[in-house]
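So the structure is just underneath, and the comments pick up after that.
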Amino acid sequence: MLLLRCPLPFLLLLLLPLDSRPQKLPTRDEELFQMQIRDKAFFHDSSVIPDGAEISSYLFRDTPKRYFFVVEEDNTPLAVTVTPCDAPLEWKLSVQELPEEASGEGSGDPEPLEQQKQQITSEEGTELFSYKGNDVEYFVSSSSPSGLYQLDLLSTEKDTHFKVYATTTPESDQPYPELPYDPRIDVTSLGRTTVTLAWKPSPTASLLRQPIQYCIVINKEHNFKSLCAVEAKLSSDDAFMMAPKPGLDFSPFDFAHFGFPADNNSGKERGFLKSSKFGRQTSPKPRVDLHRVCIGNKNIFTVSDLKPDTQYYFDMFAVNTNTNMSTAYVGTFARTKEEAKQKTVELKDGKVTDVFIKRKGAKFLRFAPVSSHQKVTFSVHSCLDAVQIQIRRDGKLLLSQSVEGVRQFQLRGKAKAKYLIRLRGSKKGASMLKILATTRPNKQSFPSLPEDTRIKAFDKLRTCSSVTVAWLGTQERNKFCIYKREVDDNYNEEQKKREQNQCLGPDTRKKSEKVLCKYFHSQNIQKAVTTETIRGLQPGKSYLLDVYVIGHGGHSVKYQSKLVKTRKFC
């Protein structure tokens, strides 16, 4: 394969032979294109995508850009990966037939340049794949037809960077590090100024013995989906820090700009910071509350000198140092412990609060309504495993229960009452949850749920290309969205459980996984059931189905995932 953005006249001059023999697009093996990988500067602002190398480029808002590559033989494997950086992209991959060679003896003169340009680009190709969003998305085919392939990209939000990688040897290349079976980052220890993170090593390092280093990104705004997005956020002056000396964890920030008081002794204790350019007090560009550091191949690390009672987002990227290409782990977030004098979190009436609890840890929250009230409602949405909740009113225990999924507790009010909520995390791992306290019964941000949130599949209605499922609703009219994702045949319940973060909504899913959305309710709770047939599936394949219910406040809750498999023979 040969990877081809115009200026088309320049491109076609490369494609045109210089003698008078019949016209032919060059192949990957021709001498003219042997410089593809060696001279990457040639592709820096070119329409040619080299085979097996990642290119970086830039899009101006509302200004499309087109790239080309040629596949000369039928049944060629093909993989194309597009990585948006700091803005969503719209991109489309299409193919059209190669121009036929000149027939007969003829005059031997090559066709005029404009005529060849028209021959290649006058017709719209067959669309193979399209995507809109900011996920790292890819097109993979084990058997692609020969032809001229076009990759069209557009950014409608703002000027942005992006990366493209394409190869005709996806099985042997494998430039992106592979993620472990559990790609999550675990918070193993949480203090007022420190957070300890641990993660499972990439099989690319542990099994394939390729050189992998891990890079941590810390910020106070959100998680990142790619290292490219991190690079776009950082100024060009913020480069990678050197890994700490053996035996030392790190203080990764220039704390003066990150909102922390400078510690004159920290540099003496950690000598590597003295010579780091991150210790400079001035910069021509405004600093951002974001930092990254590469730590070699260790898979446990302590971030120190953080601010108490502050929520941080942590992302981990495995980087193949041979290819300089990276893969993102599933990011996490954690709130550092409060100062000793701040033992509880104040809940505001009608406002959803995010709560993080470390493994076997506890969290205290306080709710003090400002007005008299007859009833008070506590809505709790546990994102992962079950959490224990206790609610006391003026010291008196009102309830003590285990909460899994979404639960709502309505308690009798009392004038000038104060409520203390104690949350205890799971013994299995860290817990995340959302909680809402309100004295207004109509102020419900979470959607109502039936007692049974399972998805039922009808085995007798399975076909080679469809499955039929049903789930329960409620008397409240809500929006339901169903998504599907193909999984391997060895996908099991343990893997499914690791992905059950109920707080992740439909906005985290790929557009291609969406089946449909619909509104549904029934005044008769016995008849509050809906069915749906999901079509267009492949024979003998396994799929993971998810149903999301979206409430009036915009918060979504995911039903229990359902693993289904189509019939292999019909």
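General observations
- Flag if R407 is at pLDDT below 90, exposed (fewer than 14 other Cβ atoms within 10 Å of the Cβ) and not β-branched (V, I, T): no
- Selection status of C464, touching a Pro at 6+ places or on another chain (Cβ under 6 Å), outside any loop (DSSP other than H, G, I, E, B) and of a type outside the set (S, T, N, Q): no
- The criterion of at least 3 residues that are within 27 Å of A386 (Cβ to Cβ) is met, among strands (runs of 3 or more DSSP E) falling completely within the range 482-570, by 542-550, 556-558, 562-565.
- Close pairs (6 angstrom Cβ cut-off, 6 or more residues apart or separate chains): under 14 Å from K414 (Cβ atoms) in the range 383-399, among the hydrophobic types (A, V, I, L, M, F, W, C) and not in a strand (DSSP E or B) anywhere: R393/A417; D394/A417
- Single residue of L153, L190 found to be within 21 Å of C85 (Cα to Cα), open to solvent by less than 30 Å² (accessible area, probe 1.4 Å) and aliphatic (A, V, I, L, M): L153
- So T121, is it modelled with pLDDT of 90 or more, farther than 16 Å from L154 by Cβ and hydroxyl-bearing (S, T, Y): no
Yes or no, residue by residue, for (1) modelled with pLDDT under 90; (2) out of contact with any Leu (no Cβ under 7 Å at 6 or more places or on another chain):
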position: L472; (1), (2): no, yes
position: D489; (1), (2): yes, yes
position: E494; (1), (2): yes, yes
position: I525; (1), (2): yes, yes
position: V529; (1), (2): no, no
position: L537; (1), (2): no, yes
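- Test result for N297, assigned to a loop (DSSP other than H, G, I, E, B), within 27 Å of G52 (Cα to Cα) and touching a strand residue (DSSP E or B) at 6+ places or on another chain (Cβ under 8 Å): yes
- Filter result for S155 (among the small types (G, A, S) and not assigned by the TED database to the domain that holds V303): yes
- Just one of the listed residues (E114, E105) is open to solvent by 60 Å² or more (accessible area, probe 1.4 Å), outside any loop (DSSP other than H, G, I, E, B) and modelled with pLDDT under 85, namely E114.
- Of all residues making up the range 162-203, the number that are among the β-branched types (V, I, T) and under 30 Å from L59 (Cβ atoms): 4
- For the range 443-476, residues that are open to solvent by 20 Å² or more (accessible area, probe 1.4 Å) and aromatic (F, W, Y) total 1.
- Of all residues making up the range 504-535, the number that are of a type in the set (S, T, N, Q) and either within 22 Å of F129 (Cα to Cα) or open to solvent by 90 Å² or more (accessible area, probe 1.4 Å) (or both): 4
- Set side by side, the residues S372, S379 differ, and just one is among the hydroxyl-bearing types (S, T, Y) and farther than 23 Å from H555 by Cβ, which is S372.
- Restricting P84, P77 to those that are modelled with pLDDT of 50 or more, surrounded by 19 or more Cβ atoms within 10 Å (Cβ to Cβ), closer than 20 Å to Y165 by Cβ and not assigned by the TED database to the domain that holds D507 reduces the list to P84.
- Lone unmet requirement of (1) assigned to a loop (DSSP other than H, G, I, E, B); (2) in the same structural domain as V557 (by the TED database) for S448: (2)
- Among the residues listed as A362, A334, A415, the single one being outside the structural domain of K434 (by the TED database) and either out of contact with any Asp or Glu (no Cβ under 9 Å at 6 or more places or on another chain) or basic (K, R) (or both): A334
- Residue count for the range 496-523, restricted to those that are farther than 24 Å from C383 by Cα, among the polar types (S, T, N, Q) and at pLDDT below 90: 2
The values are calculated or read from the model by the stated rules, or taken from the named source; none is laboratory data. As the structure is a prediction and not an experimental result, all values here were calculated from the model. Every residue, glycine as well, gets a Cβ built from its backbone with ideal geometry; the counts of neighbours run over all protein chains shown. The accessibility values were calculated without ligands, DNA or RNA, using every heavy atom of the protein model including side chains. Shrake-Rupley method; radii C 1.70, N 1.55, O 1.52, S 1.80 Å.
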